[in-house]
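Colleague: Quick one: this structure, given as structure tokens, is what I'll be asking you about.
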Amino acid sequence: MNSLTFYGEPSSLEFPALCPNCGRKAQRFISYSKAFCRESDLDTYVVSTVKVPFCDDCVAQHDRQFRAPGLLANLASCFGNSDMIATVFYGVAFAFVAQLAVASLLRGRWSHFGIELLIAGLFGWIAWSQGRRCWRETEYLRIAPLTEITEAFDFGDHHIGAFEADRFTCTIRNADFAREFAALNRSREWSQNSPRAENDRRQSNRKIWMFGALMLAIALILHLLGWGE
């Protein structure tokens with residue numbers, strides 16, 4: 001496998017018209033995604049997607065291997081966000097009040113119908129907007145695994161030091177593809193000893209020192225003001 005590191009995001013890469021699995025001419029594309037956990041006070045997930053060229057034979061083999069999550073699995077994934085339970089309750093409330101509104105309409109109780117319609121609309125809007133948010137935030141649970149074919153062009157998550165520019169690593173199976181791919185993306189390739197990498201580290205160190213000095217100044221000011229005494 002050939003390993004290359006680049007600045008930016010995987011979706012910004014350019015690809016040669018070659019198959020990364022076998023090196024033959026490629027005219028078709030496969031879009032696939034990977035999910036990565038970003039650590040914070042609460043773990044969050046990001047989904048990165050690439051659109052990679054493959055030859056017809058490799059696309060056919062990928063199609064035979066590919067297993068997408070089913071409908072029930074996709075719906076169940078939404079409950080990976082606990083707010084989805086509240087969404088269900090808002091949906092039930094919408095259905096209940098909407099039923100009351102229809103009954104009032106059929107009986108000619110116009111004042112009741114108007115109020116019930118307004119309440120049903122509010123419950124429906126809350127359920128819809130919160131459901132959409134839960135769907136977006138649980139997208140990482142619906143990512144299909146890579147196949148043997150798509151593993152020919154694999155990519156990782158960001159691995160950077162404090163205050164350094166984002167970068168990520170790609171691993172490529174075919175050497176010919178890797179060579180042309182590197183040439184197309186030369187301007188954004190990262191190298192340990194390149195002038196850009198050294199400048200990036202210098203700027204990172206400068207920002208770390210500035211941040212440390214700021215924290216020290218704040219602590220000194222709070223001490224002089226008698227904070228916490």
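Only the coordinates and a few stated rules stand behind these numbers; no lab work does. Values in this document were obtained by computation on a predicted structure and should not be read as measured data. Please note: Cβ atoms are built from the backbone with ideal geometry, for glycine as well, and neighbour counts cover all protein chains shown.
Colleague: What are the trypsin sites (Lys or Arg not before Pro) within region 95-145 that DSSP puts in a loop, where the Cβ has at most 11 other Cβ atoms within 10 Å?
Modeller: Qualifying residues, ordered by number: Arg107.
Colleague: Quick check: pseudo-label points 7 Å beyond the Cα along Cα→Cβ at Thr49 and Cys37, how many nm apart are they?
Modeller: It is 2.4 nm.
Colleague: What is the calculated FRET efficiency for Ser187 to Glu139, with r their C-beta to C-beta distance and R₀ = 41 Å, to the nearest 0.05?
Modeller: Once rounded, the FRET efficiency stands at 0.85.
Colleague: Starting from the amide H of Leu18, placed 1.01 Å from N in the peptide plane, find each other amide H under 5 Å away whose residue is 5 or more places distant or on another chain.
Modeller: Ala26
Colleague: Amide H of Phe155 versus every other amide H placed in the peptide plane: which residues, excluding those fewer than 5 positions away on the same chain, fall under 5 Å?
Modeller: Correct list: Thr171.
Colleague: Once the Cα gyration tensor of region 12-169 is found, what semi-axes does its equivalent ellipsoid get, as square roots of 5 times the eigenvalues, in whole Å, sorted largest first?
Modeller: The three semi-axes for region 12-169 are 46, 21, 13 Å.
Colleague: Rounded to the nearest 0.05, what FRET efficiency is calculated for Asp157 and Arg67 with R0 set to 25 Å and r the Cβ-Cβ distance?
Modeller: 0.60
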